[in-house]
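Notes for the one structure printed next.
The values are calculated or read from the model by the stated rules, or taken from the named source; none is laboratory data. Every value quoted in this text rests on a predicted model; they were computed, and no experiment measured them. Glycine gets a Cβ as well: all are built from the backbone with ideal geometry, and neighbour counts include every protein chain shown.
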Amino acid sequence: MCLAVPGRVLEVFEESGTTMADVDFGGVRKKVCLAYLPETGVGEYVIVHVGFAIQRLDEESAKETLATFERLGILEEEFGDGFAAAAREKGVEL
């Protein structure tokens with residue numbers, strides 16, 4: 001299954017002329033393309049689908065969505081072993 005998952009932008013940078021970000025998904029960090037949302041800043045939450053940030057959202061909505069995905073067991077499918085443990089270690093209640 002391929003989901004659109006919320007994550008928090010940790011760093012914004014340019015790579016080969018494209019705006020990119022380092023995004024934290026509750027302890028799992030991934031490089032994400034910000035081409036559709038180039039004005040996104042550090043600390044903001046984005047919904048990411050197949051490596052592209054497609055929408056901004058507020059922190060509360062992001063955490064609610066992650067918690068729902070966790071309850072349904074979807075995050076394990078999407079990110080593999082250790083996602084929930086890493087999130088709890090970072091203080092994110094899922």
TODO: Mind counting the residues in the range 21-48 that are closer than 21 Å to GLU70 by Cα, touching a residue at least 24 places away in the same chain (Cβ under 8 Å) and surrounded by fewer than 15 Cβ atoms within 10 Å (Cβ to Cβ)?
DONE: 0
TODO: Tally the residues that are surrounded by 16 or more Cβ atoms within 10 Å (Cβ to Cβ), more than 10 Å from the chain's Cα centre (by Cα) and in contact (Cβ under 8 Å) with a residue 24 or more places away in the chain, restricting the search to the range 4-20.
DONE: 1
Open item on the list: Looking for something of a type in the set (S, T, N, Q) and at pLDDT 95 or above - is there at least one such residue anywhere in the range 39-49?
Closed with: yes
Task: Residue count, the range 50-78 (criterion: modelled with pLDDT under 85, out of contact with any helix residue (DSSP H, G or I) (no Cβ under 9 Å at 6 or more places or on another chain) and either of a type in the set (Phe, Trp, Tyr) or within 12 Å of GLY7 (Cβ to Cβ) (or both)) - done: 0
